[in-house]
Amino acid sequence: MNKVSNREILSEARRLIQDIGFCKGRSRYVDADGHALAYCPMGAIDAAVERLYPNEPDNYRITLACNDVFRDVNEEIVSIPNWSDDPLRTKSDVLSAFSRAIDSCEE
């Protein structure tokens, strides 16, 4: 198993939302060819784990651990989907939450 840190996974997830896009109401929006057009925070974390841990049978546990870091460091978040889907939530809010989570991880 490739040893990738939570920091690397969260950084990749943040990059996906920054570069590809942020969405609400589902984990990711895809085009007709299956290419991602936007991600919610949990969808971005899941996609980052898939990229950094290809074919790893323990991906679910790794994803849950990163979701926990994201939620725990951002104290206002009880439920990531509910927080992310708030009508007033912006891409900037999400990127800031990822930055706080990344900063909380050890190098």
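Each of Leu37, Leu16, Leu95, Leu10 has some number of other Cβ atoms within 10 Å of its Cβ, and from fewest to most they run Leu37, Leu95, Leu16, Leu10. For the stretch 1-77, GluC sites (Glu not before Pro) meeting the loop criterion (DSSP other than H, G, I, E, B) and having at most 12 other Cβ atoms within 10 Å: Glu75, Glu76. Whole-percent P(r), the stretch 6-104, all Cα pairs, 5 Å bins from 0: 2, 15, 27, 27, 19, 8, 2, 0. Arranged from fewest to most other beta-carbon atoms within 10 Å of their beta carbon, Cys23, Cys105, Cys66 become Cys105, Cys23, Cys66. Residue separation of Ser104 and Tyr60 scaled by 0.36 nm, minus their Cα-Cα distance, works out to 13.7 nm of gained length.
Here the extension length gained between Lys24 and Ser79 equals 18.4 nm, from 0.36 nm per residue of separation less the Cα-Cα distance.
Relative contact order of the chain: 33 percent, from C-alpha pairs under 8 Å at least 6 residues apart in sequence. Amide hydrogen proximity for Arg28: with H placed 1.01 Å from N in the peptide plane, the residues at 5 or more positions away or on another chain lying under 5 Å are Cys40.
Values quoted throughout were computed directly from the atomic coordinates according to the rules given, and no laboratory measurement underlies them. This structure is a prediction, so every number in the text was calculated from the model and none was measured. Cβ coordinates were reconstructed from backbone atoms using ideal geometry, including for glycine residues, and neighbour counts include every protein chain displayed.
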